[in-house]
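Here is the structure we will look at.
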Amino acid sequence: MKEMIEELSKPSDPSLAPGEARSPGRSVEELLSTEDSANEPGLMANSYQFLGDQDLPFSRYTSPEFYDLEMKHLWPKVWQWACREEHIPKPGDFQVYDVGPYSAIVVRGMDNEIRAFVNSCPHRGMQFADAGSSGSGKQFLRCPFHGMSWNLDGSLKEIPCRWDFPHVKDDEFGLTEIPSGVWGGFVFINFDEDCEPLTDFLEVLPEHFKDWGLEDRYVAIHTYKELPGNWKMCMEGFLEAFHVLATHPEGLRTSSWANTQYDVFGKNVSRFLQNLSTGNPHMDQSEAEIYGELGNNPDDLPEGKSAREQHADNLRSAMGQALDVDLSEVSTSIMLDSIEYHLFPNACFFPGIQIPLIYRFRPTSVGTCVHEIMILQPVPKSGERPAPAEVSKLSIEDSYKKVEGFALAHVLDQDTENFHRQWRGMNASFKQGQTLGNYQEVRIRNLHNTLDEYLNT
């Protein structure tokens, strides 16, 4: 361990341009090119750009005024994932999505089309349903205050005591529909009626994910946890693998954490790709030792086969049987690696099988947020999609271990336990901002650059 720290702590070559320095050892691209993962263009993509090295002011997280700017210029103007299609599978099913003061009700109509409406009655502003609520079997949307109702396509159905509203014209008194769209089984909404098309906003995601089948997965676990800290601060804790050294030390012997690849594909989409089950390239380990670190008997590693390859085969068999799916054609990287795509502003999508996480972060105040996690597992061979898991709600102090069957609970606890101290430290700091790494933390800088585009307009 000491030797590894010494190696990684050496200064970079001063002759390199800013952002060109990389960790010693094998790169992600070099490893993937030696295995079946090389056949996947999305995995082999590599797109880094130096975005500057100035400090990022803490006021962007701690200032109520900055938070108010986001509420005015970001959240009502950007595409956001609202729910999964499987949450509203039948006509009459609905789901409410809220962020700050904005609220949408997403409905599957009698024609099977998905639409999103502002969750506000045109009469007196009453919400049709509470924040985060869902339901099924609706024939129409009925205001619980005075009983006015609208068809599922948003057109007016009925006004009780209609004699008192001679000034209301049916075709001008419909619900306010907002843009919506579907990608990868996720339903997106935008509160801006003049927004860019969802397909443009998604940039490379549809192309990279076209063979990874998020639409063919189901929600096996769904958590909703309050976190102490600004939504950006908490989300940024998941945008880099640099923190593995101190936060997840038990993973140091089996992962190439310091050699993680970071990509910026556009203003909306970035990625990290961290190789797992590789051993640590900065430690002296045999393949048999690595295989043992992965929980296997070192003596069982076939001659001439790497620990990573054999471990992937083991998981294809064991997880395939447990999930009742065929994983024989899944590439080694998709099978094993931690691959996280960030979609501005607040969502992260993992295409992997061993790490099938989906995140989103929503602000609840300048110094608190909600972190939602979904575990997406492949739909069984039968094609029968299990009902989405009920939401497990956790308070700030609750452990993810309270969620039954959540194998990654310990790792998520380690991540989120950092935020109490980080939030207090940001507010206590005499230094005005955080100093980011040029490569490992480039995704954080990309997030803020894009955020500024919204705030400046």
**Request:** Scan segment 191-224 for residues that are assigned to a helix (DSSP H, G or I) and among the charged types (D, E, K, R) and jot them down.
**Result:** 200, 207, 215, 216
**Complete:** Over segment 277-296, the set of residues assigned to a loop (DSSP other than H, G, I, E, B) and either touching a Cys at 6+ places or on another chain (Cβ under 9 Å) or among the hydrophobic types (A, V, I, L, M, F, W, C) (or both) is 283, 294
**Asked** In segment 225-235, is there at least one residue being touching a Gly at 6+ places or on another chain (Cβ under 8 Å), in a strand (DSSP E or B) and at pLDDT 95 or above?
**Response** yes
**Prompt:** surrounded by fewer than 16 Cβ atoms within 10 Å (Cβ to Cβ), closer than 21 Å to residue 241 by Cβ and of a type in the set (Ser, Thr, Tyr) - does that describe any residue in segment 49-64?
**Reply:** no
**Item:** Residue pairs meeting the criteria (Cβ under 9 Å; at least 6 apart or on separate chains; first farther than 17 Å from residue 205 by Cα and modelled with pLDDT of 95 or more, in segment 325-352; second of a type in the set (A, V, I, L, M, F, W, C) and assigned to a strand (DSSP E or B))
**Value:** 333/273; 333/339; 336/276; 337/273; 337/276
**Request:** Among the residues of segment 256-276, count how many are outside any strand (DSSP E or B), in contact with a strand residue (DSSP E or B) (Cβ under 9 Å, 6 or more places away or on another chain) and at pLDDT 95 or above.
**Result:** 5
**Item:** Neighbours by Cβ (under 7 Å, 6+ apart or cross-chain): first from segment 434-457, basic (Lys, Arg); second exposed (fewer than 15 other Cβ atoms within 10 Å of the Cβ)
**Value:** 445/52
**Request:** Filter segment 135-159 down to residues that are within 17 Å of residue 103 (Cα to Cα) and surrounded by fewer than 16 Cβ atoms within 10 Å (Cβ to Cβ) and give me whichever is nearest to the chain's Cα centre (by Cα).
**Result:** 135
**Asked** Would segment 308-326 turn up any residue that is in contact with a helix residue (DSSP H, G or I) (Cβ under 9 Å, 6 or more places away or on another chain) and among the hydroxyl-bearing types (Ser, Thr, Tyr)?
**Response** no
**Options 137, 174, 154: the member that is within 28 Å of residue 454 (Cβ to Cβ), part of a loop (DSSP other than H, G, I, E, B) and not assigned by TED's automatic domain parsing to the domain that holds residue 360** = 154
**Message:** Yes or no: segment 35-48 includes at least one residue that is in contact with a His (Cβ under 8 Å, 6 or more places away or on another chain), outside any helix (DSSP H, G or I) and either free of Cβ contacts under 8 Å to residues at least 12 places away in the same chain or within 30 Å of residue 249 (Cβ to Cβ) (or both).
**Reply:** no
**Message:** Please go through segment 408-454 and give me each residue that is outside any helix (DSSP H, G or I) and within 25 Å of residue 343 (Cα to Cα), ordered by number.
**Reply:** 408, 433, 434, 435, 436, 437, 438, 439, 440, 441
**Complete:** Within segment 312-348, the residues that are part of a helix (DSSP H, G or I), out of contact with any strand residue (DSSP E or B) (no Cβ under 8 Å at 6 or more places or on another chain) and either of a type outside the set (Gly, Ala, Ser) or buried (at least 19 other Cβ atoms within 10 Å of the Cβ) (or both) are 312, 313, 314, 315, 316, 319, 321, 332, 334, 335
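The values are calculated or read from the model by the stated rules, or taken from the named source; none is laboratory data. On a predicted model such as this, the values are computed, not experimentally measured, just so you know. Here Cβ is always computed from backbone atoms with ideal geometry, including for glycine, and neighbour counts include all displayed protein chains.
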